[in-house]
Amino acid sequence: MKFIITTCIFSQSQKPRAAPNVAEFLEEHEIVITPSTLIDIELGITQVADADPGRAAKLREWLKSERHRYGIAAEQGESFQKAFAKLIACKPIQGLWTCAPASKQFVFRQTLWVAAAALATELPIATKSVRGYGEIDQHVPLPGIYNPVEMVWHTRKAPPRNRLRSRRMTDIDIATPVIPTRI
């Protein structure tokens, strides 16, 4: 399966003792990262550089090798722009991109960028930080939110209708029967 991963999952690949299940998750799935995730990692490395230039150099080498390992979401298309505008316009989640819900000052936080990329590409998000994405999903349904550490789906879109028809009937299917059509 293909996922967009957030910084908290991407950064696990450089840790000697990564969070449980993350290494396997990264190996078993097709991974896409967003430019905003790369910027977030670069920001962290820049902040480390002042205190520990040696560690920052190692992290930059790690980032250089890892960024070529995964696909990068092309976030600049029309579908991304529309999704991002929809997220920014959603008043209940305004606190995810401003200092405070009533604030008018824009502050870079990558949560909306990742969510917009997920909406534009129709890929689920793999993250340890499910709370913010869950808040977004309440107002703008996301393709899915998966925590690979816990191996738990927190939300996931229903499969397309044609997939439902091919499944074995369950109580839910009986409540909304599918009437076969003849060709």
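The values are calculated or read from the model by the stated rules, or taken from the named source; none is laboratory data. The model shown is predicted, which means the values in this text are computed figures rather than measured ones. Every residue, glycine among them, receives a Cβ derived from its backbone with ideal geometry; neighbour counts consider all protein chains shown. These area figures cover heavy atoms from the full protein model, side chains too; ligands, DNA and RNA do not enter into them. Shrake-Rupley method; radii C 1.70, N 1.55, O 1.52, S 1.80 Å.
Multiplying the residue separation of Ala51 and Lys91 by 0.36 nm and removing their Cα-Cα distance gives an extension gain of 10.5 nm. In this simple spin-label model, placing a label point 7 Å from the Cα along the Cα-to-Cβ direction at both Glu135 and Arg60 gives a separation of 3.4 nm. Trp62 sits with roughly 40 Å² accessible to a 1.4 Å probe, with DNA, RNA and ligands left out of the calculation. Backbone amide hydrogens, once placed in the peptide plane, bring Gly144 within less than 5 Å of Ile125, Lys157, excluding anything fewer than 5 places away on its chain. Take 81-89, 53-61 and order them by the average number of nearby Cβ atoms within 10 Å per residue, most first; the result is 81-89, 53-61. Residues whose amide H comes within less than 5 Å of that of Ile72, counting only those at least five positions distant or on another chain, are Ile33 (H built at 1.01 Å from N in the peptide plane).
The solvent-accessible area of Ile41, taken with every protein chain present and a 1.4 Å probe, is close to 20 Å².
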